[in-house]
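Down below is the structure, laid out as structure tokens.
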Amino acid sequence: MDFDTKKLKVMGAMRDADLLESFDILQDDDDALCLQSSQQVDESGATCVISVILLPNRAYSLIYYSIAKLSNPAKKDALLNILNDLNENSLLVRYYISSNNCIYGAVNYIGVARTFSSTEFIHILKIGYRDVLESYHTIINSI
């Protein structure tokens, strides 16, 4: 499957799942397809930014969930312990903190041209988001 077909299939699967309208298209060209959506995660108005990245000639398709930013560096060790615990229990999402103290969840979907399934990819995006929602308060309460 060529890259243009892969992009069309992913966007079609997102449309079928009623997700496409909630995503902004940040880039759609020969170099990448980048989609982003900001979703409210609780009654406080806090959001999770979901990014979908498809690149040509790559087996990996990426999903990132931007969860929060650590504002108190003194809590970093405790946060790392919590993220490690979450990573032990999550089969899909890998949680980490970036060098600028942003907290992310990430999913790397592996599917080469003949095995890539856009429906499965969107299903994984939804399951990953559900995992992030379930872990959200544990993360926020630690920071």
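Is it fair to say residue 86 is surrounded by 15 or more Cβ atoms within 10 Å (Cβ to Cβ) and either hydroxyl-bearing (Ser, Thr, Tyr) or closer than 26 Å to residue 101 by Cβ (or both)?
yes
Determine, yes or no, whether residue 2 is within 23 Å of residue 102 (Cα to Cα), more than 17 Å from the chain's Cα centre (by Cα) and touching a residue at least 40 places away in the same chain (Cβ under 8 Å). Let's see the steps before the verdict.
Details: within 23 Å of residue 102 (Cα to Cα): no; more than 17 Å from the chain's Cα centre (by Cα): yes; touching a residue at least 40 places away in the same chain (Cβ under 8 Å): yes.
Taking the combined requirement at face value, the residue does not satisfy it.
Going by the structure shown, is residue 30 of a type in the set (D, E, K, R), out of contact with any His (no Cβ under 9 Å at 6 or more places or on another chain) and on the phi > 0 side of the Ramachandran plot? Spelling it out, it is not the case that residue 30 is of a type in the set (D, E, K, R), out of contact with any His (no Cβ under 9 Å at 6 or more places or on another chain) and on the phi > 0 side of the Ramachandran plot.
Quick note: the coordinates plus some simple rules give every number you see, no bench work behind them. These numbers were taken from a predicted model, which means no experiment stands behind them. We place every Cβ from the backbone using ideal geometry, glycine too, and count neighbours over all the protein chains shown.
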